[in-house]
Amino acid sequence: APSPTTAVPYTSVKCIDIRKNHHKTKWLTPWGRNPCEKLKDFDEAVSRQIEANDIVFAVHVPLPKKEMSPWFQFMLFIMQLDIAFKMDNDLKENAEITLDVSLAYRDDEFDDWEEIAHAIEIRKLKCTFGSPKTLESEGRHYDCDFLPFMEIGSVAHKYYLINIRLPVNERKGINVGIGEIKDIRLVGIHQNGGFTKVWFAMKTFLTPSILIIMVWYWRRITLMTRAPVLLEKVIFALGISMTFINIPVEWFSIGFDWTWMLLFGDIRQGIFYAMLLSFWIIFCGEHMMDQNERNRLSGYWKQVGPIAVGSFCLFIFDMCERGVQLKNPFYSIWTTEVGTELAMAFIIVAGICLCLYFLFLCFMVFQVFRNISGKQSSLPAMSKARRLHYEGLIFRFKFLMLITLACAAMTVIFFIVSQVTEGHWKWGDITIQVNSAFFTGIYGMWNLYVFALMFLYAPSHKNYGEDQSNGDLGVNSGEELQLTTTITHVDGPTEVYKLARKEAQE
């Protein structure tokens with residue numbers, strides 16, 4: 001697949017708005033049918049006695065002779081200001097710029113522009129000047145950070161128009177002390193259509209395969225005369241969350257203007273993360289031989305509770321950003337000091353917690369390995385056929401545990417990298433290039449892992465006869481029940497699980 005996203009730079013065109021009262025009904029377009037009257041630079045505006053309030057920065061998306069497509073899925077815009085140094089118009093400390101912004105669309109070059117959103121936004125300017133502030137340095141540009149500008153969750157139309165005004169009101173101190181702005185440049189980021197098609201194809205192919213294995217798995221469990229154990233229920237719940245993230249509802253975004261798809265995708269991914277992290281804790285805990293609190297979800301509240309709290313915080317954070325953007329696409333939590341600190345704190349804390357979780361999981365897996373290895377000491381007493389049977393079981397179980405650790409490590413890395421990638425435009429100094437192989441690989445890995453779990457952990461319907469079981473181990477019938485795989489078994493879904501269970505009871 002091609003790379004997931006493309007960044008397109010746009011330079012705004014300075015249009016003259018000479019109408020009285022600046023009616024919002026008229027849109028100023030930089031080119032095409034009825035283009036606006038343009039200014040080359042602000043020196044021309046001064047010579048023609050055109051005020052700052054009469055200048056509109058217009059950006060047409062996309063560039064000439066191109067069209068936007070619903071396959072692009074979303075549009076994210078970052079703003080960069082070109083501010084020149086002037087002795088008599090210096091940039092103030094902690095300067096704030098007020099933007100009067102409007103967004104419109106049309107699907108035909110001869111149609112009128114239709115408004116999508118209008119807002120008055122304030123952005124903090126974070127600029128540095130590398131030279132001494134003397135007369136010789138006049139005209140040199142400040143080095144300013146990127147500013148978050150706009151995000152919309154669907155690209156349903158062919159053409160978009162952005163009009164930006166910088167209203168000046170000296171009495172109220174609006175746009176005073178922001179330096180001499182020469183240009184406004186935008187960077188538009190959207191998903192690649194080719195990547196979207198590969199992504200949709202994967203989802204469409206994987207959904208039925210996980211659904212089929214889920215039906216087969218649950219049918220296997222219902223055939224048992226005993227009730228499902230906790231591990232079986234959790235694996236089934238994991239399958240449901242995987243199916244939820246798989247269902248390709250994104251196909252509808254091609255025909256409908258569903259701006260909430262980004263938020264919906266985040267919620268789906270959050271539910272899957274919470275389920276996957278909880279599953280790994282319960283999976284290891286149920287195979288721990290020194291743990292007597294078994295087969296009850298209440299025994300895991302200390303481990304699963306923080307995951308639930310973290311997921312809820314993630315949801316609130318997302319609602320504060322993408323939830324508000326459904327009404328106002330120009331809103332960003334990164335625009336305020338408190339919002340930036342909260343967002344940064346959230347990402348850092350989430351990353352640290354995930355790393356600690358992974359270390360805790362490694363510790364649990366180590367304990368399970370140690371206990372299973374201790375259990376292997378009883379294998380030489382068995383007949384050759386039965387010993388080989390259990391050696392094979394234990395080897396497969398250890399292999400699954402190592403795959404679990406690898407899957408956990410990749411998931412933690414994916415979460416941290418995706419957060420940094422999403423945020424790097426807003427921070428301005430950290431850049432990580434993530435290619436499509438990473439996204440599709442992690443997604444495929446999750447599906448394979450869930451598929452393998454349901455396949456390997458479906459209860460066995462085979463019946464080892466009494467002659468095969470008794471005598472081999474020299475145990476009484478009460479202990480023998482712990483190692484058979486008959487349908488009437490009451491304890492657990494796999495023989496390794498039963499081995500562990502027996503040890504705990506002893």
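Filtering Pro306, Pro228 for residues that are without any contact (Cβ under 8 Å) to a residue 24 or more places away in the chain and over 20 Å from Glu151 (Cα atoms) leaves a single hit, Pro228. Would you confirm, using the coordinates I've provided, whether Ile282 is touching a residue at least 60 places away in the same chain (Cβ under 8 Å), farther than 17 Å from Leu76 by Cβ and β-branched (Val, Ile, Thr)? Taking the combined requirement at face value, the residue does not satisfy it.
Let's see how each residue does on (1) touching a strand residue (DSSP E or B) at 6+ places or on another chain (Cβ under 9 Å); (2) at pLDDT below 85; (3) closer than 26 Å to Asp107 by Cβ:
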| position | (1), (2), (3) |
| --- | --- |
| Ala1 | no, yes, no |
| Val8 | yes, no, yes |
| Thr11 | yes, no, yes |
| Asp17 | yes, yes, yes |
| His23 | no, yes, yes |
| Lys40 | yes, yes, no |
| Asp54 | yes, yes, no |
| Val59 | yes, no, yes |
| Glu67 | yes, no, yes |
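Per-residue answers, yes or no, for (1) over 35 Å from the mean Cα position of the chain (by Cα); (2) polar (S, T, N, Q); (3) within 30 Å of Leu326 (Cβ to Cβ); (4) open to solvent by less than 50 Å² (accessible area, probe 1.4 Å):
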site	(1), (2), (3), (4)
Asp17	yes, no, yes, yes
Trp27	yes, no, yes, yes
Asp43	yes, no, no, no
Glu51	yes, no, no, no
Phe57	no, no, yes, yes
Met68	no, no, yes, yes
Gln73	no, yes, yes, yes
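Checking Thr128 against (1) modelled with pLDDT under 90; (2) in contact with a Leu (Cβ under 7 Å, 6 or more places away or on another chain), which single condition isn't satisfied? Failed condition: (2). Among residues of region 201-225 that are modelled with pLDDT of 90 or more, those with a Cβ under 7 angstrom from a residue that is β-branched (Val, Ile, Thr), sequence gap 6+ or separate chain, pair up as Met202/Thr440; Thr207/Thr243; Thr207/Ile247; Ile210/Thr243; Ile210/Val450; Leu211/Thr243; Met214/Thr243.
Cβ-Cβ contacts under 8 Å between residues 6 or more apart (or on different chains), taken from a first residue in region 25-36 that is within 14 Å of Phe57 (Cβ to Cβ) to a second residue that is of a type in the set (Lys, Arg) and open to solvent by 40 Å² or more (accessible area, probe 1.4 Å), are listed as Pro30/Lys38. Within region 68-89, the set of residues being assigned to a loop (DSSP other than H, G, I, E, B) and either out of contact with any Pro (no Cβ under 7 Å at 6 or more places or on another chain) or free of Cβ contacts under 8 Å to residues at least 12 places away in the same chain (or both) comprises Ser69, Gln73, Phe74, Phe85, Lys86, Met87, Asp88, Asn89. Scanning region 367-404 for residues being among the aromatic types (Phe, Trp, Tyr), open to solvent by 40 Å² or more (accessible area, probe 1.4 Å) and farther than 23 Å from Met445 by Cα gives a total of 1. Scanning region 316-344 for residues that are open to solvent by 70 Å² or more (accessible area, probe 1.4 Å) and among the β-branched types (Val, Ile, Thr) yields Ile316, Thr336, Val338. Among the residues of region 59-77, are any of a type in the set (Ser, Thr, Tyr) and out of contact with any Lys or Arg (no Cβ under 9 Å at 6 or more places or on another chain)? Scanning region 59-77 turns up no residue that is of a type in the set (Ser, Thr, Tyr) and out of contact with any Lys or Arg (no Cβ under 9 Å at 6 or more places or on another chain). The one condition from (1) at pLDDT 80 or above; (2) within 21 Å of the chain's Cα centre (by Cα); (3) surrounded by 15 or more Cβ atoms within 10 Å (Cβ to Cβ) that Phe415 does not meet is (1). Restricting attention to region 267-318 and to residues that are polar (S, T, N, Q) and within 20 Å of Cys407 (Cα to Cα), the residue that is modelled with the lowest pLDDT turns out to be Gln303.
The values are calculated or read from the model by the stated rules, or taken from the named source; none is laboratory data. All of these numbers come straight from a predicted model, not from anything done at the bench. As a convention, Cβ positions derive from the backbone with ideal geometry for all residues, glycine included, and neighbour counts pool all protein chains shown. Note: areas computed on protein heavy atoms with side chains; ligands, DNA, RNA excluded. Shrake-Rupley method; radii C 1.70, N 1.55, O 1.52, S 1.80 Å.
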